[in-house]
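Here the structure comes first, spelled out in structure tokens, and everything after it is commentary.
The values are calculated or read from the model by the stated rules, or taken from the named source; none is laboratory data. Predicted model, so just to flag it, every value in this text is computed and none were measured. Cβ placement follows ideal geometry from the backbone for every residue including glycine, while neighbour counts extend to all protein chains displayed.
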Amino acid sequence: MSQVRVHNFSISLDGYATGEGLTEEAPFGHAGRRLHEWMFATRFGCELFGMPGGSEGVDQAFAERTNLGIGAEIMGAGKFGPPGWQDQASWRGWWGPNPPFHTPVFVLTHQEIPSMEMEGGTVFHFINESPERAVAIAQEAAGGLDVRIGGGPTVVRGFLQANLIDMLHVVQVPIVLGRGVRLWEGLEGIEQHFDCEIVPSPSGVAHLTFSRRQ
């Protein structure tokens, strides 16, 4: 049975997974790059941007797990583009002609938008479905592999509330954002459904892995 997984989901000390004021120039709002500097510094992060080098160690070990055994992704409209992207006919995501997914990607949006076939095997499909139905669609497309929930925080929270996530990897970054969108809002007691392992990193972040209890 394929699993539903979340990887490399960075939050601040006060629980924000994105900042305030998202725009095309600032995909994470006033948070900028600060939530993800730990990943950009790894070999995995450098490879994403076509650059050599990058660190090994704890952060690299966690970062590279994100693509292992994944056959499809589900993401929210806010991860695919800035507010209002649905009204821009030319918008095809943040990632250029060859996005890093290389699988079917199901974007949750209320508007009817034709699928977009990109280079490298990524095909964006736009669906207006409940979390339960979205997982069923993605699992069928994944062909027995796992499904990744890509975010943002509202989407991850919704799938947690629907009891659909089997593994959640959260990276706590030692910054305070003060405003934005929190991951844990309304999820009191969610830890009771998971076993949690915490691994600190020399970079200053802490990797929290929540695995569903059997």
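Can you name every residue in region 97-123 that is assigned to a loop (DSSP other than H, G, I, E, B), touching a helix residue (DSSP H, G or I) at 6+ places or on another chain (Cβ under 9 Å) and closer than 21 Å to E64 by Cβ?
So in region 97-123, the residues assigned to a loop (DSSP other than H, G, I, E, B) come out as 97-103, 109-115, 118, 122.
Narrowing further to those that are touching a helix residue (DSSP H, G or I) at 6+ places or on another chain (Cβ under 9 Å): 97-103, 109-111, 113.
Matches in region 97-123: N98, P99, P100, F101, H102, T103.
If F9 meets every condition in (1) among the aromatic types (F, W, Y); (2) out of contact with any strand residue (DSSP E or B) (no Cβ under 7 Å at 6 or more places or on another chain); (3) under 21 Å from I198 (Cα atoms) apart from one, which number is that one?
(2)
Please verify whether region 189-196 includes one or more residues that are touching a helix residue (DSSP H, G or I) at 6+ places or on another chain (Cβ under 8 Å) and polar (S, T, N, Q).
No, because not a single residue in region 189-196 is touching a helix residue (DSSP H, G or I) at 6+ places or on another chain (Cβ under 8 Å) and polar (S, T, N, Q).
Considering only residues that are assigned to a loop (DSSP other than H, G, I, E, B), of a type in the set (G, A, S) and touching a residue at least 12 places away in the same chain (Cβ under 8 Å), which ones fall in region 78-96?
Passing the criteria: G81, G93.
From the residues in region 192-201 that are farther than 18 Å from R34 by Cα and surrounded by 12 or more Cβ atoms within 10 Å (Cβ to Cβ), which one is modelled with the lowest pLDDT?
The qualifying residue modelled with the lowest pLDDT is H193.
Can you name every residue in region 150-170 that is in contact (Cβ under 8 Å) with a residue 40 or more places away in the chain and of a type in the set (D, E, K, R)?
D166
Tell me the residue from V173, V147 that is touching a residue at least 24 places away in the same chain (Cβ under 8 Å), buried (at least 17 other Cβ atoms within 10 Å of the Cβ) and within 15 Å of the chain's Cα centre (by Cα), please.
V147
Determine whether V147 is in a strand (DSSP E or B), at pLDDT 95 or above and under 20 Å from F80 (Cβ atoms).
Yes, satisfied.
Being in contact with a strand residue (DSSP E or B) (Cβ under 7 Å, 6 or more places away or on another chain), assigned to a loop (DSSP other than H, G, I, E, B) and at negative phi: is that true of L177 here? Let's see the steps before the verdict.
Working: in contact with a strand residue (DSSP E or B) (Cβ under 7 Å, 6 or more places away or on another chain): yes; assigned to a loop (DSSP other than H, G, I, E, B): yes; at negative phi: yes.
When the stated conditions are applied, L177 passes them.
Among the listed residues L108, L68, L48, identify the single one that is under 15 Å from the mean Cα position of the chain (by Cα), modelled with pLDDT under 95 and either more than 25 Å from I137 (Cβ to Cβ) or of a type outside the set (V, I, T) (or both).
So the residue among L108, L68, L48 that is under 15 Å from the mean Cα position of the chain (by Cα), modelled with pLDDT under 95 and either more than 25 Å from I137 (Cβ to Cβ) or of a type outside the set (V, I, T) (or both) is L48.
Among the residues that make up region 17-32, is at least one of them buried (at least 20 other Cβ atoms within 10 Å of the Cβ), in a loop (DSSP other than H, G, I, E, B) and within 13 Å of the chain's Cα centre (by Cα)?
Yes: one or more hits.
Counting only residues that are touching a residue at least 60 places away in the same chain (Cβ under 8 Å) and farther than 21 Å from I149 by Cα, which one in region 56-70 is surrounded by the most Cβ atoms within 10 Å (Cβ to Cβ)?
Residues of region 56-70 touching a residue at least 60 places away in the same chain (Cβ under 8 Å): 57-59, 62, 65-66, 69-70.
Remaining after also requiring farther than 21 Å from I149 by Cα: 57-58.
Values: G57: 12, V58: 18.
Filtering first and then ranking leaves V58.
If the requirement is being buried (at least 20 other Cβ atoms within 10 Å of the Cβ), touching a residue at least 24 places away in the same chain (Cβ under 8 Å) and of a type outside the set (G, A, S), which of these qualifies: F44, F9?
Going through F44, F9 in turn, just one is buried (at least 20 other Cβ atoms within 10 Å of the Cβ), touching a residue at least 24 places away in the same chain (Cβ under 8 Å) and of a type outside the set (G, A, S): F9.
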